[in-house]
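The structure appears right after this line, and notes come after that.
Laboratory data are not the source of any read-out in this text; all were calculated from the coordinates shown. Since this is a predicted model, take the numbers as computed values, not measurements. FYI the Cβ positions are ideal-geometry reconstructions off the backbone, even for glycines, and counts take in every protein chain you see.
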Amino acid sequence: MTRVAFERAARLSVACILLFAGCSEDSAPVAAGTPRPKRAVSVRMLALGDSYTSGESVPQTKSWPYQLADSLLEDSVRVTALKVVAHTGWTTGDLIVALNKTTLTPPYDLVTLQIGVNNQFSGVPFEVFQEEFPELVTRATTLAGDHPDHVVVLTIPDYSLTPVGQRLDPDQTRSEIDSYNGFIAATLDSTPISLINVTDLSRTVADDSSLVARDGLHYSGKMYAAWVELIRPVVAALFGRGTAGK
């Protein structure tokens with residue numbers, strides 16, 4: 001091979017390297033029709049509720065809103081802002097007052113609502129819940145930019161099987177919570193709002209004490225992780241992500 005031919009061949013080799021990154025098997029072009037990974041969607045989330053939402057007796061990172069935000073990354077949903085308006089002991093009325101006093105920046109891409117256990121626990125007349133819960137659903141929908149399908153409601157857990165709940169009147173507690181959850185379901189029945197049943201999971205504490213927090217009344221991070229397993233696919237689907245959104 002002449003020197004000119006050799007130099008020409010060398011230049012062609014360099015061009016091949018630059019174009020195909022060495023023409024190696026690992027760098028082979030993606031076959032036609034192969035789905036590409038979806039680009040992450042950014043989401044602003046607002047979580048409304050009481051102690052179950054704020055995560056009483058667990059680190060903030062173990063509360064279900066924060067665990068949900070972390071888990072959604074696997075579905076290419078990035079929660080860039082998470083605002084929690086929730087506090088231990090809040091009733092529906094307390095949450096309404098808090099919303100009136102809190103500066104919020106709607107619209108939020110996702111709004112969650114879980115409220116009512118303190119109405120039952122404190123003996124507030126059921127009629128109060130029947131009046132105030134629909135108002136909170138309306139407020140949540142407005143905060144979601146009038147997109148009810150971007151509102152997710154969680155049922156009220158049944159604390160009657162926790163150590164503290166067992167010292168009260170567990171049969172009455174269970175019956176009243178069923179009534180509250182029945183009203184919640186009926187209120188949302190004709191709407192596109194998603195309702196997540198965490199009540200059944202809350203009743204598994206009878207078989208696994210690690211699902212209860214140290215205070216003997218609230219739930220552990222392990223329980224909240226189980227809730228997230230129910231919430232996550234619903235939320236991911238809202239943004240065209242996850243198994244349901246493919």
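Which net charge results for the neighbourhood of Glu131, defined as the other residues with beta-carbon distances under 15 angstrom from its beta-carbon, given Lys and Arg at +1 and Asp and Glu at -1? Charge balance in the 15 Å sphere: -3.
For the range 29-122, the set of trypsin sites (Lys or Arg not before Pro) satisfying both a DSSP loop assignment and a count of at most 10 other C-beta atoms within 10 Å is given as Arg39. When Lys and Arg each count +1 and Asp and Glu each count -1, what net charge do the other residues less than 14 Å away from Leu104, Cβ to Cβ, add up to? With Lys, Arg at +1 and Asp, Glu at -1, the net is +3. Expressed as a whole percent, the proportion of Cα-Cα pairs in the range 41-245 lying more than 27 Å apart is 25%.
The relative contact order of the range 41-245, computed from alpha carbon pairs under 8 Å that lie at least 6 residues apart in sequence, is 24 percent. Spatially, the range 180-217 and the range 105-147 are offset by 15 Å when compared through their Cα centroids.
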